[in-house]
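Chemist: I'd like to ask some things about the structure below.
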Amino acid sequence: MPDTRIIQLPKVERERVEQARKELSQTVVSRAVARALVMAFVVGLLLPHVAQLTLDPQFYLSASFRSPSVPGTRDTTQWFAPLRAFNRTLLQKMQAFENSLADESAIGKHVRPFVQRAMTEWLAAGNAQVELGNSGWLFYRPDIDHVTGPGFLSTQHLNHRASTGNTLETTPYPDPRPALFSLRDQLADRNITLIIMPTPVKPAAEPERIGGRYETHRSVTNRSYRHFLDELNTAGIHVFDATESLTEMKHQGAERLYLRTDTHWRPETMTRVATDLARVIEASVDLDTTETNRRYQVTEETVTNRGDTEALLGLSSQSGLFPPETVSISRVETTTGEEWVPDQTAEVLLLGDSFTNVYSTAALGWGQGAGFAEQLSVALDRPVDRLSQNDDGAGAPRRLLAAALARNPTRLSHTRVVIYQFATRELSQGNWHPVDLTSRVDSSALALWSPVAGDATLILASVAAIGTVPRPGTVPYRDHIVAMHLTNIEQIAGPEAGTRRDALVYARSMIDNELTEIAAYRRGDSIRLRLEPWAAVAPELDGITRAELEDLALIRAIPWWGTLEVATP
């Protein structure tokens, strides 16, 4: 029989247990302690606002608290559309208020760098967007989440992402396959070959820098990646897997493939991948071989910069925790000494993201004229066309191509092959919405005012719509351009002064993680701008992350470039 005897605790132990039970069930706080705690809580709530009013009394009246302009079309067919619009506006204002308190308040600006330094230096902790690796290496958190997270083709992952839309954000298209199959078919109708080039993110290429037990000559991938490549190959889509080039470089003794405090690859890694891609292109597509003269020459330059992941930490530039990194880039010029530029008559078109732009767009800080398209030109010994934009590799390159075709239907008349380069994180986190390359939009009703070469003018106009501007420090890109729809335009200086109806204008909204005055403008505001054709600045600025408008008639209009002009008293 089991022993059912009851164990009696000593009296002292029983009293301790009883006392512990009483303390757990009811906490007794004296009146003085309660008052002190309440006062400390109230002071904690009021202190930031009191400090802000003391240091910057105009802060609460500034444009920072005005609701962001989020593109979208109002559903006027339903009776509750006004209520939905009001709710959307209210949520936007609440979000803008919270963001301003977090990002722009005096206490936030002055205290945050010290707190972040203490967390980084003493606790070896990054923040919500940056993970600290070994020996001063930094990693972008979404990159790690992609590599270590669930398979991006798993039913659970796809269903979860498909249900994440809300009042302020549209529901994403999480599955990349329909978008890629559609792009293949639309290009095939034009007798153009598509080559997909998923580009490994930094944790996939150098997992040993994060920590743990990884073999230094191996790369890691998301658990759905191989299955994804097999599906593309089965569907007849050519795939260039850059992971194989990186793995071979490691076997050959390459010590570093990516930048230490940046999300992107090193110049020598990029050049190797461009060389391997050139071989795949030449083996897959019959390109014109009538011209065999050498067109390009390479000049080595040294560039020193701080990485984008370090900027996301929000540390003071004098912290000294992460010294700048120096790399040698290969700047490409023609043999006659002219700057390399994309060639719209080229047979090869590269669609890409910041991995294409990192050594090509000066705003990224790693030099210019030495990017992926330039190295591909050298490897192929032929011109290359390019449409690329930092961020949103899942959607932006395809939208750029659709807009280019709408503005110039013959844009692809010389193209034989399209390479679609995007960071692999887009497979699990991107919005793979459909893009129709054949749609045509009648924009005549808007009476859009389009520039011609050499135009320059000063205007006064009303803002009808403006794209969304990101919060500084929340994205790995320090510069941003926003699209604006202007109406009621009065041309007050320049040729043919007079009145125009509508125009699409691009302008700088963020420079080096600081918002410009343009970012404060909202629908209904009057704005004074000096305009010139976007084409005049596009070679330098086209790769910078850009917030477009959703109206197709505006997206496909020929844009202006605007610079804020302050009226003289």
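The values are calculated or read from the model by the stated rules, or taken from the named source; none is laboratory data. Treat the numbers as computed from the prediction; the structure is a model and nothing was measured. Glycine gets a Cβ as well: all are built from the backbone with ideal geometry, and neighbour counts include every protein chain shown.
Chemist: Take GLU548 and decide whether it is among the charged types (D, E, K, R), within 30 Å of PHE139 (Cβ to Cβ) and not assigned by TED's automatic domain parsing to the domain that holds GLY369. Before you say what the answer is, go through the steps one by one.
Modeler: Numbers: among the charged types (D, E, K, R): yes; within 30 Å of PHE139 (Cβ to Cβ): yes; not assigned by TED's automatic domain parsing to the domain that holds GLY369: yes.
Yes: the conditions hold for GLU548.
Chemist: Right, next: So, in the range 438-462, of the ones that are surrounded by fewer than 20 Cβ atoms within 10 Å (Cβ to Cβ) and at pLDDT 85 or above, which residue ends up farthest from SER509 (Cα to Cα)?
Modeler: Among those residues, the one meeting the criterion is ALA456.
Chemist: Moving on. Can you find a residue in the range 394-403 that is under 22 Å from LEU180 (Cα atoms) and in a loop (DSSP other than H, G, I, E, B)?
Modeler: Residues of the range 394-403 under 22 Å from LEU180 (Cα atoms): 394-403.
Those still in the list that are in a loop (DSSP other than H, G, I, E, B) too: 394-395.
Checked against the condition, which is being under 22 Å from LEU180 (Cα atoms) and in a loop (DSSP other than H, G, I, E, B), the range 394-403 yields at least one hit.
So that you can scan it fast, the table gives a plain yes or no per residue for (1) surrounded by 24 or more Cβ atoms within 10 Å (Cβ to Cβ); (2) under 14 Å from GLN297 (Cα atoms); (3) among the acidic types (Asp, Glu):
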position: ASP343; (1), (2), (3): no, no, yes
position: LEU364; (1), (2), (3): yes, no, no
position: GLN389; (1), (2), (3): yes, no, no
position: ARG399; (1), (2), (3): no, no, no
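Chemist: Ok, one more. Which residue out of VAL239, VAL273, VAL220 is buried (at least 20 other Cβ atoms within 10 Å of the Cβ), touching a residue at least 12 places away in the same chain (Cβ under 8 Å) and out of contact with any Asp or Glu (no Cβ under 8 Å at 6 or more places or on another chain)?
Modeler: Working: VAL239 fails: buried (at least 20 other Cβ atoms within 10 Å of the Cβ); VAL220 fails: buried (at least 20 other Cβ atoms within 10 Å of the Cβ).
Selected residue: VAL273, the only one of VAL239, VAL273, VAL220 that is buried (at least 20 other Cβ atoms within 10 Å of the Cβ), touching a residue at least 12 places away in the same chain (Cβ under 8 Å) and out of contact with any Asp or Glu (no Cβ under 8 Å at 6 or more places or on another chain).
Chemist: Quick one: what pairs do we get from the range 502-513, first residue assigned by TED's automatic domain parsing to the domain that holds ILE544 and farther than 17 Å from ALA464 by Cβ, second surrounded by fewer than 24 Cβ atoms within 10 Å (Cβ to Cβ) and among the hydroxyl-bearing types (Ser, Thr, Tyr), C-beta under 6 Å, 6+ apart or different chains?
Modeler: As it stands, the answer is ARG508/THR516, since those pairs meet every condition given.
Chemist: Here is a follow-up. Looking at (1) touching a His at 6+ places or on another chain (Cβ under 6 Å); (2) closer than 30 Å to HIS160 by Cβ, find the lone condition where VAL358 falls short.
Modeler: All conditions pass for VAL358, except number (2).
Chemist: Would you be able to tell me the number of residues in the range 323-379 that are in a helix (DSSP H, G or I) and aliphatic (A, V, I, L, M)? Walk me through how you get there before you give the answer.
Modeler: Of all residues in the range 323-379, those in a helix (DSSP H, G or I) come to 354-357, 362-364, 372-379.
In the following step, the residues that additionally are aliphatic (A, V, I, L, M) were identified as 362-364, 373, 376, 378-379.
Looking only at that region, the number is 7.
Chemist: Among the residues of the range 509-549, what is the count of those that are over 26 Å from GLY352 (Cα atoms), among the β-branched types (Val, Ile, Thr) and part of a loop (DSSP other than H, G, I, E, B)?
Modeler: Total satisfying the criteria: 1.
Chemist: Hey, another quick one. Report yes if some residue within the range 372-383 is without any contact (Cβ under 8 Å) to a residue 40 or more places away in the chain and under 24 Å from ALA404 (Cα atoms); otherwise report no. Walk me through it before giving the result.
Modeler: Our first condition is that a residue be without any contact (Cβ under 8 Å) to a residue 40 or more places away in the chain; within the range 372-383, this holds for 373.
If we keep only those that are under 24 Å from ALA404 (Cα atoms) as well, we get 373.
Within the range 372-383, one or more residues are without any contact (Cβ under 8 Å) to a residue 40 or more places away in the chain and under 24 Å from ALA404 (Cα atoms).
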